[in-house]
Every structure is written in structure tokens, then in C-alpha cells.
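Working notes, structure below.
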Amino acid sequence: MAVKLRLMRMGKKKQPTYRVVAADSRSPRDGRFIEILGTYEPRAEPSVVKIDNDRAVQWLSKGAQPTETVQKLLRLSGAWDTFKSGGATS
């Protein structure tokens, strides 16, 4: 099973908020997921990113592939730098 770290859209029409989730790459965007890793609120000023860095690094070390947007959010939260520096703990 190929796992992706991606965004899942939540919120009302024209007022999106997103969950950062680990999901099977074959499942639909807002469908089944394995675990919620955090949230992203782009409409707030400044936008709010809350991610559980430890869990995100664990998923990355297990081979999960982030989408481009999630990779940018992981850089903002610091999880990407932790992963690249070898800070993965099993």
C-alpha cells in the first residue's frame, strides 16, 4: 500500500480548512484516511499550520510521500528539516 501525506478539505463552501492526513494513495481526496496529522487554515491572517511533527516524521521515515503543498507545510512546521537531518525515531 502506497501512503501519501495530503490535504483533506473540510469547512463550508468558500471557507475551506484542511486536515493533513496520511492516506492510501488510491483513496479519494476526502475519503478514507489512516491518521490525521494536523490542520491547515489558509483563510486566517496569517494562515495557521498545526502539525504533529513527531508523527509526520514517523510516516516520512516509513516511506510516505507528501504532496507538494503538504511538503511546503511540513517545511513551515519544521518536520521536513527534522526528517532530512535523520531525526526519525522508530
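All of the numbers you see were taken from the coordinates with simple rules; none came from a lab. From a predicted model like this one, the values you see are computed outputs, not experimental measurements. Glycine gets a Cβ as well: all are built from the backbone with ideal geometry, and neighbour counts include every protein chain shown.
Miscellaneous remarks
- Taking the criterion of being under 18 Å from Leu76 (Cα atoms) and of a type outside the set (Ser, Thr, Tyr), the residues of region 9-21 that qualify are Arg19, Val20, Val21.
- Residue in region 1-55 that is surrounded by the fewest Cβ atoms within 10 Å (Cβ to Cβ), counting only those that are of a type in the set (S, T, N, Q) and more than 10 Å from the chain's Cα centre (by Cα): Gln15
- Scanning region 56-79 for residues that are among the hydrophobic types (A, V, I, L, M, F, W, C) and over 11 Å from the mean Cα position of the chain (by Cα) yields a count of 1.
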